[in-house]
Each structure stands twice: as structure tokens, then as C-alpha cells.
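See structure below.
The values are calculated or read from the model by the stated rules, or taken from the named source; none is laboratory data. The structure displayed is predicted, hence computed values, not measured ones. Glycine gets a Cβ as well: all are built from the backbone with ideal geometry, and neighbour counts include every protein chain shown.
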Amino acid sequence: MTETTAANRNPSGQVAGLRLSCNVPMRWGDMDAYGHINNVEILRILEEARIHAFGPPAGTGGEGLEVDLPVFSDLPDGTQALVVEHRVKYVRPLNYRNIPAHVEVWISALKAASLTVAYLIKDPVTMDECVKAETTLAFFNEATSRLLRVTADHKERLQPYLGEPNFR
């Protein structure tokens, strides 16, 4: 389940946009030999947070919880949301806990044919920032093998969540 947090202010005093937040479970098997969540499993946590925030791609899975911004679940038939790039910075180890990690999600770039989802993973007990990341996505029509533009409707729905990027 996601919740929307109030707009934050960045260091220059500008409104940084709304953020969706969710809690993503950490699994025992996600842990590495040091008791940290393995770097590969961090990408799984990012994926889960993205799906919690924006919905699963159309035609996948069964019905579940409603999401705040069903950007992916309302795509036209034959449209895929494809990962173009991941950027991840491990600020400090995310230690395994038997409670979910706290993840904030927002949009850091909204372009003609792509969007970038930004994330901040926090330790669920200390609320220390552990991981900053971004995923760039593009919409692709499998029948025509062409990239699709981000629709005006999607841009309008995502605009309030447009905030500062994690990377410059």
C-alpha cells in the first residue's frame, strides 16, 4: 500500500514534488554474508516499490490493491514498460530486518518518450538513507517495435510527483 507524502523543499527552497511511499518486505534470502541486503536484491526492492506506486504492467498478474497512480496498469494492449537504465548508489548498508524497508518513490524526469523513477530506500528502524536510485523507463509497442510517447494524460498525472533527481 502506498501513501503520498507532502511536498518537500529542496536546499534552494523550491518545492520538490510529492512522493509516494511504501514498505517492501526484506526476505531472509535477500541477505548477503555480511547481513546486508545483497546489491542484486536492491533492484528487486526497487521494482516492487515501482509496482506498488504505479501498478503492474497491463495484462500481468491478478487483481490486487489499488495503486495511487495506475500509470502502467492502464497502458494500451501490446504496450510494454521497459527498463532502459538503472542507476544505484549505495549510501550505507541496508541491514536485513524482519520488517519491510521504507521506500519513497517520485518522478525525477519526464521526457517525450521516457520517464525516470527516483527512489530512496530507508532503514525501517533508523530511517537512515541507505540507497538512492533511479530507473529510466520507455514505453514500447511490441506489434510495431516502436517506442511510444508518454501520453498527455500520463504526464498530467505524474506532474505533481516531479521532483529532484538523485543524480546530476
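Assorted remarks:
- Among the residues of the range 138-149, none qualifies, meaning not one is touching a Cys at 6+ places or on another chain (Cβ under 9 Å) and assigned to a loop (DSSP other than H, G, I, E, B).
- The number of residues in the range 21-40 that are assigned to a loop (DSSP other than H, G, I, E, B) and out of contact with any Phe, Trp or Tyr (no Cβ under 8 Å at 6 or more places or on another chain) comes to 6.
- Against the conditions (1) touching a Pro at 6+ places or on another chain (Cβ under 7 Å); (2) surrounded by 14 or more Cβ atoms within 10 Å (Cβ to Cβ); (3) farther than 18 Å from Val40 by Cα; (4) of a type in the set (A, V, I, L, M), Ala101 satisfies every one except (3).
- Across the range 115-168, the number of residues qualifying as of a type in the set (Asp, Glu), farther than 30 Å from Pro93 by Cβ and in contact (Cβ under 8 Å) with a residue 40 or more places away in the chain comes to 1.
- The number of residues in the range 130-168 being surrounded by fewer than 17 Cβ atoms within 10 Å (Cβ to Cβ) and under 13 Å from the mean Cα position of the chain (by Cα) comes to 1.
- Pairs where the first residue, in the range 63-82, is closer than 20 Å to Gln159 by Cα and the second is modelled with pLDDT under 80 and of a type outside the set (Gly, Ala, Ser), C-beta under 6 Å, 6+ apart: Asp68/Thr2; Phe72/Pro57; Ser73/Pro56; Ala81/Pro57; Ala81/Phe72
- Residue list for the range 15-35, restricted to those being under 19 Å from Glu129 (Cβ atoms), touching a helix residue (DSSP H, G or I) at 6+ places or on another chain (Cβ under 9 Å) and not aliphatic (A, V, I, L, M): Gly17, Arg19, Ser21, Cys22, Asn23, Asp30
- Every residue from the range 41-74 that is crowded, with 17+ Cβ neighbours inside 10 Å, modelled with pLDDT of 80 or more and either hydrophobic (A, V, I, L, M, F, W, C) or in a loop (DSSP other than H, G, I, E, B) (or both): Ile42, Ile45, Leu46, Ala49, Ile51, Ala53, Phe54
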